[in-house]
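Shown next, in structure tokens, is the structure this report addresses.
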Amino acid sequence: MSTRATVNNTMRIYHRYLGFFLAGIMAVYAFSGVIMIFRDTKFLKKETKVEKQFEPGLSAEALGKETRVRNLKFTALNGDVQSFKEGTYNIKTGATSYTVTSLPKLVEKLNHLHKATTKDPLFYLNIFFGVSLLFFVISSFWMFMPKTSIFKKGMYFTLAGIVLTLIMLFF
């Protein structure tokens, strides 16, 4: 048996079993990835009214940090009450009333998969998953012999995928 046939068989076996193992992980990543597309909308989010007391006289930037509202900007002043998109802030007393939106806990956990940093144990899963997907890409070229028409057509599809991704990224 030639070395080429042995490499092909080994790649096929690794590709097959890694594929079965990663099928569940890929399904979860795909589901949460599609949901993340809508993160700047109100899709699946519920609103919660929050009443808190902060220091009086905070700037919009400081209040944004305290409330964890991004890009908080005051829109109107009515007496001592500053209004902003999510609520109101009394500059004299510090009384603040605002609305926050949040995803259901399960969806939030799923989205966390995509946002994990090196300080998070999910970091290792993300690294493993990324390296495994890279292996999938490479090992797929050993699934068919290079001289077959299926392999040649596969190369056209690979090229089309690269071109489409580049078009979507840069145009």
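Readers should treat all values here as calculations from the given coordinates under stated rules, not as data from a laboratory. These figures come from a predicted structure and were not determined experimentally. As a convention, Cβ positions derive from the backbone with ideal geometry for all residues, glycine included, and neighbour counts pool all protein chains shown.
Descriptive notes on the structure:
- Using a Gaussian network model of the chain in which every pair of alpha carbons under 10 angstrom is joined by a spring, one finds that among T117, T99, T148 the greatest mean-square fluctuation is at T148.
- Alpha carbon centroid spacing (whole Å) that separates region 98-150 from region 11-71: 15 Å
- Size descriptors for region 10-49 (Cα atoms only): Rg and Dmax, in that order, 16.7, 58 Å.
- Using R0 = 22 Å, the C-beta based FRET efficiency linking L164 and V28 works out to 0.35.
- 16 Å reach of a label modelled at Y124, 7 Å along Cα-to-Cβ, counting backbone N of region 5-19: none
- Listed residues L103, G130, A5: farthest to the positive end of the dipole of the chain (Cβ charges): A5
- Shown here for region 41-107: trypsin sites (Lys or Arg not before Pro) in loop regions (DSSP other than H, G, I, E, B) with at most 14 other Cβ atoms within 10 Å, namely K42, R68, R70, K73, K85, K92.
- Efficiency of FRET between K109 and S149 - r from beta-carbon atoms, R0 41 angstrom, step 0.05: 0.35
- Of the DSSP H helices in the chain, those whose Cα atoms cover at least 20 Å axially and whose Kyte score averages 0.0 or more: 3-37, 122-139, 149-170
- Helical runs (DSSP H, four residues minimum) scored at -39500 (n - 2.57) apiece and divided by the length of the chain put the mean residue ellipticity at 222 nm at -18500 deg cm²/dmol.
- Cα extents for region 46-102 along the principal axes, largest to smallest and rounded to whole angstrom: 30, 19, 18.
- Shown here are the Rg and Dmax of the Cα trace of region 2-119, at 24.0, 86 Å.
- Placing unit charges on the Cβ atoms of the charged side chains and taking the dipole of region 36-75 about its Cα centre, the candidate lying farthest along the positive direction among G57, F38, T67 is F38.
- Cα→Cβ-extended label distance, 7 Å offset, between Y156 and I35, nm: 4.0 nm
- For the chain, a Gaussian network of Cα nodes joined below 10 Å ranks L122, L44, L72 by mean-square fluctuation, and the top entry is L72.
- Extension gain, A76-Q53: 0.36 nm per intervening residue step, less the Cα-Cα distance, totals 6.3 nm.
- Dipole in debye (nearest 20) - region 46-102, about Cα centre, beta carbon charges: Lys, Arg +1; Asp, Glu -1: 200 debye
- Pairs exceeding a 24 Å alpha-carbon distance, out of K42/K119; K46/K109; K45/K65: K42/K119.
- Check: the chain dipole with +1 on Lys, Arg Cβ and -1 on Asp, Glu Cβ, in debye: 720 debye
- Listed residues V50, V107, V28, most fluctuating in the chain (Gaussian network, C-alpha, under 10 Å): V50
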